Amino acid sequence: TDLSNIVITVYNGTKKTSDEIITESIRMFAADRAISLPDNIKIVRQEFKKPYTENVPLFFSLSHSGDYTVCAVSSCCIGIDLQKVKNNNRDRSEYIASNYFSLDEYLHLKENDFEDFFDIWTAKESVVKYTGEGITEEFNGFSVLNNTDFVIKEIPFIDGYKLVICTDEEFEAEIVYK
């Protein structure tokens, strides 16, 4: 059988730590692909940098919103973002977009009465999780509209949530609920 090259593990209301979720997700991904792992997966965190595994040749990205935590694992660099979609507060959305989005994103949202706000927000967050930069003053320095630098894809998920993955190549994603 063909295996998806990205596996997204979904946790609902879990009490597990981020490291426990990451380790469990990596072990599931590796087991399905006969990838051998060390007994102790070492997750390294540096200030303002994307966490990574020091001793495992796999990539992961973690996000949480509302009651859900998601962890994506892949053999290539990846960024994932999950957002619970809240009622569109136009003033708040316009403030955020005018300060943190690129000009073309802001103008697009303004033309559409900010209806696509969470689509753009989630896509942008997936990109900065992919690059490891996080939300900085450069958050408005790139656009996810007409993007050609990354593969950014919304993954069908639970009603009321947006789930987006960013990576550097086309992919198939599988969702596993825990």
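The values are calculated or read from the model by the stated rules, or taken from the named source; none is laboratory data. Remember, predicted model here, so these are calculated numbers, not experimental data. Here the Cβ positions follow ideal geometry from the backbone for every residue, glycine too, while neighbour counts run over all protein chains shown. What goes into the accessible areas is simple: the full protein's heavy atoms, side chains included, and nothing from ligands, DNA or RNA. Shrake-Rupley method; radii C 1.70, N 1.55, O 1.52, S 1.80 Å.
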| message | To check you understand DSSP bridge types, tell me what percent of the beta bridges within the chain (both residues inside) are antiparallel, rounded to 5. | response | 85
| query | Got a sec to turn the phi values of the range 134-150 into Karplus ³J(HN,Hα) couplings, 6.51 cos²θ - 1.76 cosθ + 1.60 with θ = phi - 60°, whole Hz, x for Gly and Pro? | reply | x, 7, 10, 5, 7, 4, 8, x, 9, 10, 8, 7, 6, 6, 10, 7, 9
| message | Taking Rg/Rh (Cα atoms, Kirkwood Rh) straight from the coordinates, which label in [x] 0.98; [y] 0.93; [z] 1.48 is the correct one? | response | [x]
| field | Protein accessible area in the chain, 1.4 Å probe - carbon and sulfur % | value | 47
| request: Compute the accessible area per residue over the range 88-178, keeping the other protein chains in place, probe 1.4 Å, unit Å². | output: 56
| Structure shown: which of 110/153; 129/153; 16/129; 16/86; 50/129; 49/129 lie over 18 Å apart, alpha-carbon to alpha-carbon? | 110/153; 16/129; 16/86
| request: Give me the distance in nm between label points sitting 7 Å out from Cα along the Cα-to-Cβ direction at residue 33 and residue 177, one decimal. | output: 2.5
| task | Classify the range 55-136 as rounded, prolate or oblate from the Cα gyration tensor: take a ≥ b ≥ c as the square roots of its eigenvalues, call it rounded if a/c is under 1.5, otherwise prolate when a/b beats b/c and oblate if not. | result | prolate
| request: Have a look at 62, 100, 140 and report the one farthest towards the positive end of the charge dipole of the chain, computed about the Cα centre with Cβ charges (Lys/Arg +1, Asp/Glu -1). | output: 62
| message | Test of the criteria: in the range 23-79, which GluC sites (Glu not before Pro) are in a DSSP loop and have at most 13 other Cβ atoms within 10 angstrom of their Cβ? | response | 47, 54
